[in-house]
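Asks: There's a structure below that I have some questions on.
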């Protein structure tokens, strides 16, 4: 299975730390020292999640039909229909089947794992994967512990059974997991705002993200030295750095965009992939580790392909 035409969309509005300082008792120094974020993007409150997804999907599509549209996301505007169906209608994929994968910030890894299984059945040729995240729609801007985190973004890519002609990422391995007894440590009730038990979630994220990378390496008989790059869930810069230290990944192999875009939920890690496609060289192995509400986690090991591979 291969990922190609990776695209990311960010809203125009920038929400800086200074802006947040006018909403809640915080400052640029306080935010940067704790989470490493300087600014983030915010979609208009009236903008629907599927409209965000369509912005990225239009960039990813190449004019040829797809068999399936899969949408991985955390926050949806509708109980039904699925956001995937709404995106498909918006971008002209009316004849494609569509469904959602909702595993909070792990939805990218869960979507890849699901698609691998569907492609293994032999019935799919091409799919559109879209990850639109609108966490600012459920952000409590009176809570300085969580208001500083969230930005909005949408990611999309084509997923094909066969290698495409242009640059792509081959999916070598995926796996997923959950610790459901602690699911409510991170939550957003229907009609409510995001909230979490920060200390417990922070510790879980560091431990589990490093474990995900180690599991990926073990499953594929590799070591950290065999990786060209690591991309983690863009939750908190300190969490990412601690996870890298535990696994032995040097700073030059760690790719991130959290400083300028904040925590964009499940769209965060794949948006880093999209922004760095020109940097990858054929054969580069890239480990992706996600964690999220559920408590969920997922890993993916990717290998870059160039046009001539």
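Asks: Report, for segment 2-160, the % of DSSP beta bridges that are antiparallel, rounded to 5.
Replies: On the way: 18 of 27 bridges.
If we restrict to bridges inside segment 2-160, about 65 percent are antiparallel.
Asks: What's the center-to-center distance, using Cα atoms, between segment 36-79 and segment 146-214 in Å?
Replies: Segment 36-79 and segment 146-214 have Cα centres spaced 16 Å from each other.
Asks: Another question about this same structure. Using the scaling law 2.2 N^0.38 Å as the reference, what is the normalised Cα Rg of segment 2-160?
Replies: On the way: Rg = 17.0 Å, N = 159, 2.2 N^0.38 = 15.1 Å.
Scaled against compact globular proteins, the figure is 1.13.
Asks: Quote the relative contact order of segment 174-309 in percent (integer), defining contacts as alpha-carbon pairs under 8 Å separated by 6+ residues.
Replies: 35 percent
Asks: How many percent of DSSP beta bridges within the chain run antiparallel, rounded to 5?
Replies: Beta bridges within the chain, antiparallel portion: roughly 75 percent.
Asks: With an 8 Å cut-off on Cα pairs and a minimum separation of 6 or more residues, tell me the relative contact order of segment 2-160 in percent.
Replies: 35 percent
Asks: Still on this structure, I have one more. Per DSSP H run of at least 4 residues, take -39500 (n - 2.57); add these up for the chain, divide by its residues and hand me the 222 nm value, nearest 500 deg cm²/dmol. Walk me through the intermediate numbers first.
Replies: Numbers: 10 runs with 97 residues, N = 309.
Computed mean residue ellipticity for the chain: -9000 deg cm²/dmol.
Asks: Here are several values of percent of Cα pairs over 27 Å apart: (i) 37; (ii) 52; (iii) 48. Which one was derived from the coordinates shown?
Replies: So the structure-derived entry is (i).
Asks: How big is the convex hull of the Cα atoms of segment 168-305, per residue, in Å³?
Replies: 112 Å³
Asks: Further question on the same structure: Using 0.36 nm per residue, how much length does the chain from residue 225 to residue 170 gain when fully extended, once their Cα-Cα distance is taken away?
Replies: 17.9 nm
Readers should treat all values here as calculations from the given coordinates under stated rules, not as data from a laboratory. These figures come from a predicted structure and were not determined experimentally.
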